[in-house]
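Heads up: the structure comes next, in structure tokens.
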Amino acid sequence: MNIKQLKSFSVFQNITDEETKYFVDITEEVRISEGNIFIKEGEVGDSMYMLVDGEVEVSQALTLNLDRQGKDHREKALTKFSSDQSPPPLFGEMSLFNENDLRTANVKALTDCHLLKIMKDDFLRICDAYPDTGYKIMLALCRVLCIRLVNANNNVLKLTTAFSLVLER
């Protein structure tokens, strides 16, 4: 793991190599085998992941009450991320901001994956120790979150429109 590798991710592109080194020192390399679910919806999140190599699928449980216990165990695939994307994707970033934040989706390795992982406590320690750097990284993460919020809002609008059309029949 090196500075160049970390700077390939959008949140690290607007900081200096020296600033990036702070994050290199707290970044852990992780290998996940194909088929493993390594982020589970509803569990407490404490880290952000960045996809170096491989492909993952993000999914959420459907919330319809269909079985005898009142649960639906089916899942809806929301998106796929691939290391071929530019810049490479990151996920789990919301867990960096909330205490005891629960994961909002499952993430499953569709292939053998190489990831980078940053723990929330380490991330916040670096941001506190180097506030100028922390500001730049937080701003970059806010941009990622804003893009995802706009996409989520668009999806809600599409679903609402489809639901309205069905009700009009």
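The values are calculated or read from the model by the stated rules, or taken from the named source; none is laboratory data. Computed from a predicted model, the values in this text were never measured in an experiment. Here the Cβ positions follow ideal geometry from the backbone for every residue, glycine too, while neighbour counts run over all protein chains shown.
Filtered by the rule that a residue be aliphatic (A, V, I, L, M) and under 13 Å from the mean Cα position of the chain (by Cα), segment 120-142 gives a lone residue, Leu141. Being modelled with pLDDT of 95 or more, over 23 Å from Ala129 (Cα atoms) and surrounded by 19 or more Cβ atoms within 10 Å (Cβ to Cβ) is a condition met by at least one residue of segment 26-33. Quick check, is Met50 modelled with pLDDT under 95 and among the hydrophobic types (A, V, I, L, M, F, W, C)? Here the answer is no, as Met50 does not meet what is asked. Residue count for segment 40-52, restricted to those that are of a type outside the set (A, V, I, L, M) and closer than 14 Å to Lys108 by Cα: 3. Residues that are over 17 Å from the mean Cα position of the chain (by Cα) and either assigned to a loop (DSSP other than H, G, I, E, B) or within 17 Å of Tyr49 (Cα to Cα) (or both) within segment 8-22 comprise Gln13, Asn14, Ile15, Thr16, Thr20, Tyr22, listed in sequence order. Apart from one condition, Ser95 fits all of (1) within 30 Å of Pro131 (Cα to Cα); (2) at pLDDT below 95; (3) in a loop (DSSP other than H, G, I, E, B); the exception is (3). Restricting segment 34-58 to residues that are touching a helix residue (DSSP H, G or I) at 6+ places or on another chain (Cβ under 7 Å) and part of a loop (DSSP other than H, G, I, E, B), which is nearest to Asp128 (Cα to Cα)? Taking the candidates together, the pick is Asp46.
Only one of the numbered conditions (1) surrounded by 13 or more Cβ atoms within 10 Å (Cβ to Cβ); (2) in a helix (DSSP H, G or I) is violated by Lys4, and that is (1). Residues being part of a loop (DSSP other than H, G, I, E, B), modelled with pLDDT under 95 and not aromatic (Phe, Trp, Tyr) are represented in segment 104-112 by at least one member.
Looking only at residues of segment 113-150 that are outside any helix (DSSP H, G or I) and not aliphatic (A, V, I, L, M), we find that the one that is surrounded by the most Cβ atoms within 10 Å (Cβ to Cβ) is Cys113.
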